[in-house]
Amino acid sequence: MTTATFKLEILDAKLSALELAMDAAQAGLHVSIGDGTITTIAQAIKHTGGGLQIVSKMPGYCYAIPASKCKVGSKLRKIAGSTCEKCYAFEGFYKVYKNSIDRAQAKRLDSLSDPLWVEAMTFLINHYCRDGKAKNLRGTFFRWHHSGDIQDLPHLRNIVEVAKLTPTVSHWLPTREYKIVQLYRRLYGEFPANLVVRLSAHMVDGDAPSGYGLPTSTVTTHHDATCPAPTQDNECGDCRACWTPNVDNVSYGLH
């Protein structure tokens, strides 16, 4: 695994407090709502638990929370042959710098309940995820959870709101939380066009998740992987298949 460089940086958006509160009430949920306005990068970093990150493999910014808090993933880690058994978020760079990474990710996890999280995330993504000559601009592709996964329905709802409020950015959300995804769709309908929710297979060499009508990903030990990263210095390069909704399945080689 190549050494990833994490830079804690960030961005803005506004969410209708009334709309979110009404939706949460319909779902039987409590969502904390605030009425403040994020106007600076420093404020946005504070309300997102540290802001956005850069991982060397990715073409844009990312956001991570602890893999130890994955719901389905934590169960799969105990199953031989699962795609989470040897999760990279517990190895390599993550293992070497475990203490500092754990502290940073715990702050981001805690920030998910911050009333200004949606506004702060939107501010950061709109600020940094765009084309330009400045060194801290990395283009219009964003990845959710290079570590961790959706925690609950309010979490997914907030991610969707951020996607809606950042329409010029392509979002990729890989997840094993099929039930939360399906609950969201039953309550609120389909995801915005700029958010690709890609369901991840549970077992190595297993079938892609089926019957959901969403793009998928699998992990293979054979020679049929479609992800080109291993052949190009473990980077995405020009490939954007994971962010492309009409790419039905992306197959990753086991690593």
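If you look at just the Cα atoms of the stretch 54-157, how large are its Rg and its Dmax in Å?
Cα radius of gyration and Dmax of the stretch 54-157 are 15.0, 46 Å respectively.
Over the alpha-carbon set of the stretch 17-253, work out the extent along each principal axis and list the three values in angstrom, largest first.
So the extents along the principal axes, rounded to whole Å, are 52, 43, 36.
Please quote Rg/Rh for the stretch 176-229 to two decimal places, taking the Kirkwood radius as Rh and restricting both calculations to Cα atoms.
1.03
Determine the alpha carbon to alpha carbon distance for each of K57/K179; K133/K179; K98/K179; K78/K98 and list only those over 32 Å.
K133/K179
Report, in debye and to the nearest 20, how large the dipole of the stretch 17-253 comes out about its Cα centre when Lys and Arg carry +1 and Asp and Glu carry -1 on their Cβ.
Taking the Cα centre of the stretch 17-253 as origin, the dipole is about 520 debye.
Report for the stretch 17-253 the percent antiparallel among DSSP-assigned beta bridges with both residues inside it, nearest 5.
Taking every DSSP beta bridge with both residues in the stretch 17-253, the antiparallel ones total about 15 percent.
Within the stretch 125-224, list the GluC sites (Glu not before Pro) lying in a DSSP loop whose Cβ has at most 13 other Cβ atoms in a 10 Å radius.
When the GluC sites (Glu not before Pro) of the stretch 125-224 are filtered for loop state and at most 13 Cβ neighbours within 10 Å, E190 remain.
Counting other Cβ atoms within 10 Å, keep those with at most 14, restrict to DSSP loop, and tell me which trypsin sites (Lys or Arg not before Pro) in the stretch 94-169 are left.
Within the stretch 94-169, the qualifying trypsin sites (Lys or Arg not before Pro) (loop, at most 14 other Cβ atoms within 10 Å) are K133, K135.
Note down the Stokes-Einstein diffusion coefficient of the stretch 161-255 in µm²/s, whole number, using a Kirkwood radius over alpha carbon pairs, 10 °C, and 1.306 mPa s.
Reported coefficient: 111 µm²/s.
Every number here is computed from the coordinates shown, using simple stated rules; none is lab data. Just so we're clear, the structure is a prediction, and the values are computed from it rather than from any experiment. All Cβ positions, even for glycine, are placed from backbone atoms using ideal geometry, and neighbour counts span all protein chains on display.
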